[in-house]
Structures are given as structure tokens and as C-alpha cells.
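Structure first, then comments.
The values are calculated or read from the model by the stated rules, or taken from the named source; none is laboratory data. All figures in this text were calculated on a predicted structure; none of them were measured in a lab. Because the Cβ atoms are built from the backbone with ideal geometry, glycine has one as well, and the counts that use them run over all protein chains shown. In case anyone asks, the SASA skips ligands and DNA or RNA and just uses the protein heavy atoms, side chains included. Shrake-Rupley method; radii C 1.70, N 1.55, O 1.52, S 1.80 Å.
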Amino acid sequence: MHDFRYLGKRLFCEGVGVETLAKRFGTPLYVYSQRTLTRHFQELDRAMSPVEHLICFAVKSNSNQSMLRTLANLGSGFDIVSGGELARVISAGGDPRQCVFAGVGKTEVEIEFALRRGVYSFNAESEAELHRINRVAARLNKVAPVAVRVNPDVAAQTHTKITTGTYENKFGIAFEQVDAVYARARRLKNLRWRGVQMHIGSQITAVRPFAQAVRKVLPLVRRLKERHELEFFSIGGGLGIIYQPALASGMAQWWNSAAAKNILTPETYAARLVPLLKPLGLKILLEPGRFISGNAGILVTRVEYVKRTGRKNFVIVDAAMNDLIRPAFYEAYHEIVPLTRQGGALIKSDVVGPICESGDFFCKDRPLPKVGEGDFLALLSAGAYGFVMASNYNTRSLAAEVLVNGKLAAVVRERQSVKEIWAGEKVAPWLK
Ligand SMILES: *Cc1c(COP(=O)(O)O)cnc(C)c1O
């Protein structure tokens, strides 16, 4: 559930009309709901309350300073994948001692920075990385807290580009090798085992793959706990969200449908996993990104042209794949709704951006209300893996971001000026 809904004909984010924001701050514009972000964090936190746990928000899904500050104020930890993300979290008021550092390619510079800042755990993805962390820690005269990311080799039943927990993927250390890695690494004097981690993929909309993976690694976790005095078990993130709630045709109707009954909720997730996890006696870490931020944001765009060809109705908008790459990258679905609702027949439309790539589209042949130049559309569920993946392709500025809280709205990232795009570029001296 989220806080983008129609009041009368107009789409609101909490207590603010979205069209007012579009007119005031221009488009393309990301609009975030603080209430939705907060609610999603708290729902999961509450559902997991029967076990000692820490939610470490996956910063890569949405790293805006105001979003991170909101979560830090709620007591959230953070799952980071680069030194840059750690610096961001600290700048936003997050606590490094509640950060876990993931990723297959941690550099020496990043490891040193994270060690100095005192992150809670390095989640190592290879033995070579353990050796490197040990070496850096020795040089700094520190002991590094580490965990291994276990690759449980279970299929997450999601898109191949966001599956991470099978042996086809570059992530983690193979399930069968983990015991030996923990035993061998005891010789590394500047490491201390702190936990064990896994993450099987993203946008998983059923509980089953999570339960399967947890069941599979539980005996391993128990063994490791006995031998190495672990403190935590991280079950990763990956909780999926609903991208097609058919807001336009009435949310209530959808929520009562059969499809809605099977959907992953914090309650169904916790109901299945808590009984498995509780007997472990370990602190449970969760690393959700999309579940917390996905439905907390929309991308607002303006219709520039409507172009009818023999077969097609192209709605050309001012947002593009550089602003939101998910449809091009993952064939992702984003619901598209007008900011001002009108009656009338639906027309099969392709909503496309202005970029010179056939991949620059947001939907194809989708029945949408008739729109014309100057109308505004919203792409829903754009709060995760949206702005963070934006680029300057076609020398297009990064969009502005706005945060709404009740009736308040604030720009939380200025629209990038065109000159800023090439500010770091130089003409080579021999060309002068
Ligand atoms: C990306 C990632 C997450 C978050 O994934 P979501 O699908 O957004 O929940 C969590 N943990 C790790 C290690 C990741 O790489």
C-alpha cells in the first residue's frame, strides 16, 4: 500500500497534489512519500519483532540523503556496496556501526575507509577478499568483523538479471565450501567472524524461495555458530513489491482479488521465517531495499507529443531511460497513470522517451487514457532502482527529487543544470 492516490480527479502524494509539484518544480520529477517509506520500514520491523533483528536498508535502491535520514531516524541500519555509499550514509546521519558492507569487488581503499569508520560487518564474497581485509586490518592494527556470503544455490524465480543465489551468479561462496573457508580463515589474525549472510535475489514475490534458502543453510549456520561464535545471520533482502496494482481501475477492487491473497507481505514473510530463525539464537539481519523504497516514489513526466502512426499511438514524454532504466534493463513493468483523471475510452499506447534508442520506452501497447501535449503522467513504484540508476545519456540532466510529508513538500535534490553535466570535462591541452 502506498500514499499516492486520487482525491477526486487529481493524484495526490499524501496531502499534496502532484500536479502542483510538477508545475512548481518541473519535470521529469521524482516524488517520494515519507509516510510510505516509514510505514514499510515499520511494518517489516514490527513483523520481525519476535526475533532480535536489525533492518539494514539496501542503500543502492534509493540513496537520497532525505530518504536515508528518514530511515536513520527510525533506527534503521544500512546495507552498503561501496565506500561512496558508506560516506553517503554517514553524511545522512546513519550509524556506521549499523552498516554491513556487501559486494564482490571491495577495493583496499574502500576496506580501509570502512574499517576506520567501524562498520558492523564486511560481508565477504570470496576467500581472496578475506585475505585482503585481513591485510588491510593488520596494517591499521585493527580486527575486522567479517561474515561470508553463502551462495545457497536456490533459484529465486525472478528475472535473471536480479537472481543472485545460484551458482550461475558471481555472488557469494558456494554452499559446500563455506565450512572450510571459516575454518581456514581462523588463521587470519586480524579477522573476527561476526556472522553469516545470504541474499538470493530481488523482486521475489513469494515466501517459498526465502523459506527454501533459509531451510537449506540453517544446518550450516548452526554449525558455524557453534564453532566460531557468530553474532548474526543475515537473510538478505529481495522482498518483492506489486508493480501492477491497477490503481487506475480502483485499488480496492484489486486488493480484494485472488492475486492479492498470495502476495508477499511482512506478515506472511515473518510467519514463515521467524519459526525457522528464532531457535538459532542469533541476531537476524534483513537487507530490504525495494520493499521499503519501491512504492514510496513515483516519476512524474510531461507529455510532449502524441504521434499516431498507422499501427501505433506513441505518447512521447519528457522522461526517458536515462531517468528510469528499469523497463529497458529488466523489462520491468511500471504502472502509468495521469495526474488528472478523466473518463473516456482507453487507447493502446506506447509511452516513450526522447532518447535515440529503441529501448527507450516505458510501456508498449498498453491501454491508457487519452492524453495530449502538456498533460502529466506518473510512473508508479519508481522509488527503488529509479533515480539511483539515472545517467546523463544524451546530455540530459539528472531529474529533481521532492520529498512529501503530509502537506509539506521539499526539493531534496535540485535538478542538475546542463553545465554541471560536463563540469568535470576538459579539452586536452594539445587541442587548445
Ligand atoms: C541489492 C541487495 C539487496 C537489496 O535487494 P532488494 O531486492 O532491493 O531488497 C540486499 N542485499 C544485498 C547483498 C544486495 O546486493
If you find the alpha carbon centre of region 19-96 and of region 98-157, how far apart are they in angstrom?
-> 23
Fraction of beta bridges assigned by DSSP in region 295-421 that are antiparallel (%, nearest 5) | 90
Relative contact order [Cα under 8 Å, 6+ residues apart], region 15-114, whole percent = 22
In whole Hz, what ³J(HN,Hα) sequence does region 125-135 give by Karplus (6.51, -1.76, 1.60; θ = phi - 60°), x for Gly and Pro?
-> 10, 7, 5, 4, 5, 4, 4, 5, 4, 4, 5
At most 12 other Cβ within 10 Å, DSSP loop - trypsin sites (Lys or Arg not before Pro), region 140-215 | LYS170, LYS189
Hey, got a sec? Which GluC sites (Glu not before Pro) in region 341-432 land in a DSSP loop and have at most 12 other Cβ atoms within 10 Å?
-> GLU373, GLU414, GLU425
Enumerate by residue number the chymotrypsin sites (Phe, Trp or Tyr not before Pro) in region 158-206 meeting two conditions: DSSP loop (anything except H, G, I, E, B), and at most 12 other Cβ atoms within 10 Å of the site's Cβ.
-> TYR167
Bridge type composition, the chain - antiparallel percent by DSSP, nearest 5 | 50
Quick one: which residues, 5+ away or cross-chain, put their amide H under 5 Å from the amide H of ALA58? H built at 1.01 Å from N.
-> ASP79, GLY289
Segment LYS142-ALA180, extension gain: residue separation times 0.36 nm, minus the distance between their alpha carbons | 11.3 nm
CD proxy, 222 nm, the chain: helix-only mean residue ellipticity via -39,500 (n - 2.57) per DSSP H run with n ≥ 4, per residue, nearest 500, stands at -8000 deg cm²/dmol
Probe 1.4 Å, heavy atoms of protein chains only: per residue, the accessible area of the chain in Å² is 44
At q = 0.09, 0.10, 0.11, 0.14 Å⁻¹, base-10 log of I(q)/I(0) for the chain (Debye sum, equal scatterers on each alpha carbon) | -0.60, -0.73, -0.87, -1.27
So the carbon and sulfur contribution to the accessible area of the chain, 1.4 Å probe, in percent, is 51
For region 1-105, state what percent of all Cα-Cα pairs lands in each successive 10 Å bin, counting from 0 Å until the bin that includes the largest distance.
-> 14, 37, 30, 16, 3, 0
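Give the Rg/Rh ratio for region 295-421, taking Rg as the radius of gyration of the Cα atoms and Rh as the Kirkwood radius, to two decimals.
Using only Cα positions, Rg/Rh for region 295-421 is 0.96.
For region 34-289, what is the convex hull volume of its Cα atoms per residue in Å³?
Per residue, the Cα convex hull of region 34-289 comes to 121 Å³.
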